[in-house]
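Below is one structure, written out as structure tokens; the observations come after it.
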Amino acid sequence: MPTRWKVKYMQTIADRVREILPPHPKERPLLLVLLKMLEAIERVSSGGTMKFSMRNLFYAVIEIFHKKFPGEKFYEYNSFTQDFLRTYEKQHGKMEKRIV
């Protein structure tokens, strides 16, 4: 169950994403990934108690993505870690418990 600060944090992320990305249908998959990052991080870190690798995060995000957009192509691992995650961390700060 998300705590109050997590819900507020998720809403802040959602608001910032909506400012950055217009709701164009081709951009909705990326918007979903950005909005679900906190859920994926919570999943792979067992609620923030364990360290996690970028690969574990990648697979958690893919699972969430393919549930919503079956058959859609997702990032390759290298572009996910080198492009998407770097941009995400620049905008939202370093992820706690992430193994480099």
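The values are calculated or read from the model by the stated rules, or taken from the named source; none is laboratory data. Just so we're clear, the structure is a prediction, and the values are computed from it rather than from any experiment. Here the Cβ positions follow ideal geometry from the backbone for every residue, glycine too, while neighbour counts run over all protein chains shown.
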**OP:** Just name the residue that is surrounded by the most Cβ atoms within 10 Å (Cβ to Cβ) out of those in segment 49-76 that are within 14 Å of residue 97 (Cα to Cα) and not hydrophobic (A, V, I, L, M, F, W, C).
**Re:** 56
Subject >> Any chance residue 34 is within 18 Å of residue 9 (Cβ to Cβ), crowded, with 17+ Cβ neighbours inside 10 Å and modelled with pLDDT under 80 >> reply: yes
**OP:** State all residues of segment 89-100 that are touching a residue at least 12 places away in the same chain (Cβ under 8 Å) and surrounded by fewer than 16 Cβ atoms within 10 Å (Cβ to Cβ); if no residue qualifies, say none.
**Re:** 91, 92, 96, 97, 99
